[in-house]
Amino acid sequence: MPAIHIQSFVASPPGQVWAALTSAAGAGVLLDGLPARGWPEPRGEQAPFHLHVAWPHTPEPTEVSVTLHELGGGTRIDLVHQGWGEGGAWEEQVQGHFAGWLQGLAALGLLVESEKDTRPATPALKAAERYFASGEIPTSPSAVYRSLTDADVLERWSDGVLEGAERTDAIENGYLRWSLPNRAELVIILRRTPRGTHCALAEYGVVDKVASARWPAMFERLTRFLE
């Protein structure tokens with residue numbers, strides 16, 4: 001089965017990204033959607049550019065490597081997770097890890113750039129089930145942010161998907177958090193990409209995965225609206 005390979009950009013130098021990546025807080029943010037609370041030990045390090053670990057949280061151990069490249073005053077992160085087996089159980093693991101790494105890299109970038117921890121603050125939500133979805137929208141983060149925050153614009157495309165949600169925190173053009181009517185929390189992180197905006201969404205406190213599946217459809221509507 002092919003390796004997971006994800007690239008992300010952080011507008012901070014490699015030393016700063018490395019410090020977050022290898023700290024307890026930064027690793028916790030990166031691994032929030034994965035079956036680990038910290039980097040497995042032992043780990044191979046070539047500071048401040050390369051980290052490699054055997055990953056024990058799969059049916060058989062796999063391998064994760066993270067490489068930092070200085071780029072235009074910032075840092076490109078290359079994450080590779082390889083060594084996957086074949087079969088249905090492995091495919092489910094790949095899908096879950098891919099979603100978790102996408103969310104984690106977006107959250108780590110925001111943490112480094114703004115010191116914002118996007119994980120839920122309450123212990124109950126920290127321990128609760130969560131749902132992740134990602135979407136690539138071919139327009140700027142500012143346009144996506146406005147579409148999610150301007151009530152008049154939101155009404156034109158959202159089909160009421162955020163009805164009853166209360167916005168509780170935000171960083172302009174970068175991050176939004178809502179409290180949902182069912183006491184769950186919804187977080188969306190916006191990251192600029194060469195093609196537009198990567199939207200990384202996390203719902204914390206999931207009680208109905210069927211209901212959670214509305215978020216990819218929301219991204220599709222938003223993409224069509226902004227095209």
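The values are calculated or read from the model by the stated rules, or taken from the named source; none is laboratory data. Here the structure is a predicted model, which means the values were calculated and not measured. Ligands, DNA and RNA are stripped out before the accessible areas are found, and what is left, the full protein with its side chains, is counted by its heavy atoms. Shrake-Rupley method; radii C 1.70, N 1.55, O 1.52, S 1.80 Å.
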Difference of contour (0.36 nm per residue) and Cα-Cα distance, residue 78 to residue 193: 40.0 nm
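Of the heavy-atom accessible surface of region 49-99 (probe 1.4 angstrom), what whole percent is carbon and sulfur?
Values: 1310 of 2530 Å².
Carbon-and-sulfur percentage of accessible area, whole number: 52.
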Enter the accessible area per residue of region 59-166 (Å², integer; probe 1.4 Å; all protein chains in place). 49 Å²
Relative to the longest principal axis of the chain, what angle (0 to 90°, nearest 10) does the C-alpha long axis of helix 214-226 take? 70 degrees
